[in-house]
Amino acid sequence: MRVLFPVILVAVLAAPSAEAAHWNVDYSKSRLGFTVDWSGEPFSASFKSWKADIDFNPEAPHLAHVTVVVDLASETSDEKEFDDGLRGAQGFQVSQFSTARFVTTAFAHEIGADYVATGNLSLKGITRQIALPFQLTINSNTAHMKGTAHVVRTDFGVGLGEWAAPAPVSHDVTVTIDLTATQK
């Protein structure tokens, strides 16, 4: 036993420790947006201003941590009238709630390039847990991630008054992210 303990101790100390690498988002190549069915047609918008703090190692997803902060006033689409409504009191209510925040609580590697991030989405003072399935490819020090999350807008108080019903605007919203980042 006396001989075995030092051998085990040396093996543990010599083993490489897995760390989550820090990634810098290339915002010029990345997009964060959403799509919702509006009067039977897809309505898509994107956020022009958002920041992501990413620590991730595909070999150790349990050590990963991501925080994304979205400037809700930066929402834009091809429909200015819709944008104004989304930013207003019955939508995101940006005068009182200027940002949305997604903070991961867990990552799971599924198969191949498929992962799932679980985290808390906070919007309009309401926090709900959501799942974000995504595909990840890494070439050298560049990563490309694409994912979609499905949320119910009324769970976050988005769409009040005349917009609370599931028509003309669906309750189901698909959040999309297409992100390119380089390892620091």
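One table, with the values for the structure above:
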quantity: Centroid-to-centroid separation of segment 22-85 and segment 91-124 [C-alpha atoms, Å]; calculated: 10
quantity: Positive-end residue of Leu63, Gly157, Ala100, charge dipole of segment 20-183 with Cβ unit charges; calculated: Leu63
quantity: Highest-fluctuation residue, Pro61, Pro133, Pro42 considered, GNM on the chain with Cα pairs under 10 Å; calculated: Pro42
quantity: Descending Cα extents along the principal axes, segment 36-75, whole Å; calculated: 44, 22, 10
quantity: Two-site FRET efficiency, Asp83 against Glu19, from Cβ-Cβ distance with R₀ of 30 Å, rounded to 0.05; calculated: 0.15
quantity: The chain - percent relative contact order, Cα under 8 Å, separation 6 or more; calculated: 24
quantity: Most fluctuating residue given options Lys146, Lys124, Lys80, as computed from a GNM of the chain linking Cα atoms under 10 Å; calculated: Lys80
quantity: Neighbourhood net charge (9 Å Cβ-Cβ; Lys/Arg +1, Asp/Glu -1) for Asn120; calculated: +2
quantity: Candidates Ile126, Ile111, Ile138, ranked by Gaussian network fluctuation over the chain, Cα under 10 Å, top entry; calculated: Ile111
quantity: Test item: Cα-centred dipole of segment 20-183, Lys/Arg +1 and Asp/Glu -1 on Cβ, debye; calculated: 360
quantity: Förster radius 35 Å - calculated FRET efficiency between Ala165 and Thr67, Cβ distance, rounded to 0.05; calculated: 0.55
quantity: Asp172-Asp26 FRET efficiency (beta carbon distance; Förster radius 35 Å; 0.05 resolution); calculated: 0.70
quantity: Read-out volume of the Cα convex hull per residue in Å³, derived from the coordinates shown; its label in (1) 149; (2) 113; (3) 105; calculated: (1)
quantity: Gained length - Glu41 relative to Asn57, 0.36 nm times residue gap less alpha-carbon distance; calculated: 1.9 nm
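Where a number appears in this text, it was derived from the coordinates with a stated rule and is not lab data. Treat the numbers as computed from the prediction; the structure is a model and nothing was measured. Here Cβ is always computed from backbone atoms with ideal geometry, including for glycine, and neighbour counts include all displayed protein chains.
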